[in-house]
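Please read the structure below before turning to the comments.
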Amino acid sequence: MYLVRLAWRNLLRNLRRTLLAGLAVGIGLAGLLFTDALFVGLQENMIRTATETFLGQGQIHRQGFRSHLEVELALSDGAELMARLDTDNRVRAAAPRTQFFAMISSPANVAATSVFGIDPDREHEVSLIHEAVEQGDASLPSGGVLIGHELAELLEVELGDRLIVTATTTGAGELTQEMVRVSGIFRFGARSLDDGVAFVPLEFSRKLLELSSSDLHEIAIQFRDLGIAGDRSHPFWRQYSGGDREVLGWRDLLPELDAMLELSQFSMFVVLLILFGVVALSVINTLFMSLHERTFEFGVLRAVGTRPRQLFLLIVLEAACLSLISIAIGSLFGLTSTALVAHTGIDYSGIDMAGVTITRLVHPVITVDQYVMFPAWVLGFALVASIYPATYAARMEPAQAMRRSL
């Protein structure tokens with residue numbers, strides 16, 4: 001405790017230098033805290049945007065369907081799977097779907113479109129189609145179709161206009177056509193959805209494709225705990241896979257997003273290295289300036305019997321105290337700036353990253369780990385950086401130290 005008190009007094013002898021050094025490290029720590037909070041907020045935003053807009057946090061398909069999108073590759077036990085998912089406490093909601101390519105034509109134009117057959121009531125619990133509809137409604141009456149605003153502009157149609165859907169049936173692969181009416185126009189803000197996707201009632205799509213009443217191409221899942229969706233080792237995936245089924249979470253459905261998140265972890269490692277450089281230079285510079293001013297004092301201390309390891313420990317304690325000042329300054333600045341931006345948010349709307357179009361404000365996320373792990377890194381960096389000046393002080397010869405100061 002005597003050495004701790006002495007370390008604090010030594011730092012306070014030149015308060016301006018101590019505050020400047022603490023401010024330099026503190027600003028670096030504040031920047032790291034804010035950057036990590038922004039990364040966490042951006043990751044959560046992108047994951048939720050991708051999984052809640054339409055994709056779902058998990059999906060069940062028949063093996064090979066996602067690769068070829070052949071209408072014959074349907075889940076024949078779709079009704080049984082839906083019943084199991086409805087009783088699974090880990091699952092918040094599940095929505096049955098069919099999916100096929102079709103030509104949608106109007107009197108003015110024609111477009112190749114990916115068409116989904118959906119159950120509007122169940123889809124309401126899994127995706128945000130009902131929120132994206134800006135004209136009409138998402139109830140999808142029999143013979144109705146929901147199309148994106150860009151597709152509506154291409155086909156030059158409005159609410160109530162007629163469209164012809166041309167698709168290929170299962171089995172013989174013959175072309176079939178049905179007339180539908182535009183019952184709603186949606187705007188997700190993602191070009192891939194707004195100009196290339198249409199939604200029709202589930203039973204209508206089954207009839208069009210000549211599927212049975214239990215056949216499904218896809219089951220979209222939302223979990224009560226988002227962590228399950230990102231954990232490839234969770235028992236849920238093994239429980240529902242097997243046979244001719246494949247069950248995938250968002251990491252496998254969006255490998256580009258998963259790769260980007262892994263890259264962001266590497267980016268944080270690079271930022272940590274930069275922080276280490278700032279801490280090391282600040283601590284070493286401050287301690288050596290202090291050592292230069294107190295060379296005579298250290299010579300006297302050695303002359304009266306102070307052991308080298310005690311001088312070594314004193315310098316290390318000074319570095320620890322300096323890092324605590326830096327942590328206090330950095331945590332205060334970091335928490336304040338992050339809280340302010342988290343309240344207002346950052347508008348990245350319309351930016352496409354890793355196949356995901358951001359449609360919501362990005363809010364930095366403050367976590368307890370940030371204010372435990374990063375300050376601990378700063379303290380550790382400071383202690384490592386103090387070894388060199390501490391070793392230098394411990395090796396001082398008393399006579400040379402006092403002579404050098406005269």
Dipole of the chain [Lys/Arg +1, Asp/Glu -1 at C-beta], most positive-end residue of Thr98, Ser76, Cys321: Cys321
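Measure off, as a whole percent, the carbon and sulfur share of the 1.4 Å-probe accessible area of the chain, all protein chains present.
Numbers: 11310 of 19460 Å².
Exposed carbon and sulfur together represent 58 percent of the surface.
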Work out which helices of the chain, taken as complete DSSP H runs, extend at least 15 Å along their axis over the Cα atoms and score a mean Kyte-Doolittle of -1.0 or more, then list them. 2-13, 15-50, 255-293, 308-344, 370-385
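Rounded to the nearest 500 deg cm²/dmol, what is the calculated helix-only ellipticity per residue at 222 nm for the chain, with -39500 (n - 2.57) per DSSP H run of length n ≥ 4? Write out the running numbers ahead of the final one.
Values: 18 runs with 223 residues, N = 406.
The helix contribution divided over the chain gives -17000 deg cm²/dmol.
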Out of the GluC sites (Glu not before Pro) in the range 141-186, which ones are loop residues according to DSSP with at most 14 other C-beta atoms within 10 Å? Glu156, Glu158, Glu174
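Shape verdict for the range 62-104, please, from the Cα gyration tensor: rounded (a/c under 1.5), prolate (a/b greater than b/c) or oblate. Please list the in-between numbers first.
Values: a/c = 2.67, a/b = 2.08, b/c = 1.28.
Verdict is prolate for the range 62-104.
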To check my understanding: the extent here is largest minus smallest coordinate of the Cα atoms along each principal axis. What are those three numbers for the range 43-192, in Å, largest first? 48, 40, 28
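Mind checking the per residue accessible area of the range 249-406 for me, 1.4 Å probe, whole number of Å²?
Details: 8340 Å² over 158 residues.
Using a 1.4 Å probe on heavy atoms only, each residue of the range 249-406 averages 53 Å².
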In Å, what Rg and Dmax follow from the Cα atoms of the range 147-246? 17.8, 48
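The values are calculated or read from the model by the stated rules, or taken from the named source; none is laboratory data. Not measured: the values here are computed from a predicted model. Glycine also receives a Cβ, built like all others from the backbone with ideal geometry; neighbour counts cover every protein chain displayed. To get the accessible areas, we keep the full protein, side chains included, count just its heavy atoms, and leave off ligands, DNA and RNA. Shrake-Rupley method; radii C 1.70, N 1.55, O 1.52, S 1.80 Å.
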